[in-house]
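Have a look at the structure below before the remarks.
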Amino acid sequence: MKKYYIFDFDGTLADSMGYWYGHFPLEGLPDEQRMDEIRRIMRRNYAEVIQPKPGAVELLERLKASGAVMCIASATEKQVSRPFMEKFGLGRFFEFYIDCAEAGARKDKPDIYLTAARRLGADISDCVVVEDAAYCAETARNAGFFVVGIYDENTAPRGDVSEFSDVFITSLADFPEI
């Protein structure tokens, strides 16, 4: 069984992509003010309404019990998702949470995955990246990572994650022994 796991957050662990793709009635605001308001709205959503993906907590418990070393690599800034992490006590499963701002690049570049592997003390060949977005899975796979793609109804219309997955699942409850 692989020992190191790099999990995406939105659409993978958190059932949140529908909220990110939702309509934010903020037309006319300057870009930075608009982003600040989106962050505020999403932080509240993480605290109040967003739930873990079915099977997420059970999977994390199983992997942790098997000796897996895990982290989160997300486009969502840590301070935005923190209420969700605290509400569901997910921090206990992860060595760290790295976001794209910290990694210095978006997920169309492998920086976040490479940085995560290095911080985990792992070789790329010993890591599993778990993603719901096709372009992210493609980036990780092209960098040499083993990729588990998970279906998310909100990201699926933007690309077929199964095309770039070594293993494709429709639910975290179906996560295989790797």
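Every read-out reported here was derived from the displayed coordinates using simple, explicitly stated rules and does not represent laboratory data. What you are looking at is a predicted structure, and each value in this text was computed from that prediction instead of being measured. Note: ideal-geometry Cβ built from the backbone for every residue, glycine included; neighbour counts use all protein chains shown.
Please state, to two decimals, what the Cα-based radius of gyration of segment 78-178 comes to when divided by 2.2 N^0.38 Å (N = residues).
Cα Rg divided by the expected 2.2 N^0.38 Å: 1.08.
Quick check: net charge around ASP160, other residues with Cβ under 14 Å of its Cβ, Lys/Arg +1 and Asp/Glu -1?
-4
Under a straight-distance cross-link criterion of Cα-Cα below 23 Å, which lysines are reachable from LYS64, leaving out those fewer than 8 residues away in the same chain?
Partners found: LYS2, LYS3, LYS53, LYS78, LYS87.
Name the residue, out of GLY11, GLY55, GLY22, whose mean-square fluctuation peaks in a Gaussian network model built on the chain with Cα pairs under 10 Å.
Greatest mean-square fluctuation among the candidates belongs to GLY22.
In whole Å, what is the distance between the alpha-carbon centres of segment 109-178 and segment 5-71?
Segment 109-178 and segment 5-71 have Cα centres separated by 16 Å.
If packing is taken as the mean number of other Cβ atoms within 10 Å per residue, what is the order of 143-153, 62-72, highest first?
143-153, 62-72
Provide the per-residue ³J(HN,Hα) series for segment 96-106, in order, calculated from phi with Karplus coefficients 6.51, -1.76, 1.60 and θ = phi - 60°, each as a whole number of Hz, with x at glycine and proline positions.
So the J values, rounded to whole Hz, are 6, 10, 10, 10, 4, 4, 5, 6, x, 7, 6.
Cut-off 10 angstrom, C-alpha nodes, Gaussian network model of the chain. Which of GLU32, GLU95, GLU86 fluctuates the most?
So, out of GLU32, GLU95, GLU86, the one fluctuating most is GLU32.
At a temperature of 4 °C and a viscosity of 1.567 mPa s, determine how fast the chain diffuses translationally according to Stokes-Einstein, using the Kirkwood radius over alpha-carbon pairs as Rh; express D in µm²/s, rounded to the nearest whole number.
Value of D from the Cα-based Kirkwood radius: 79 µm²/s.
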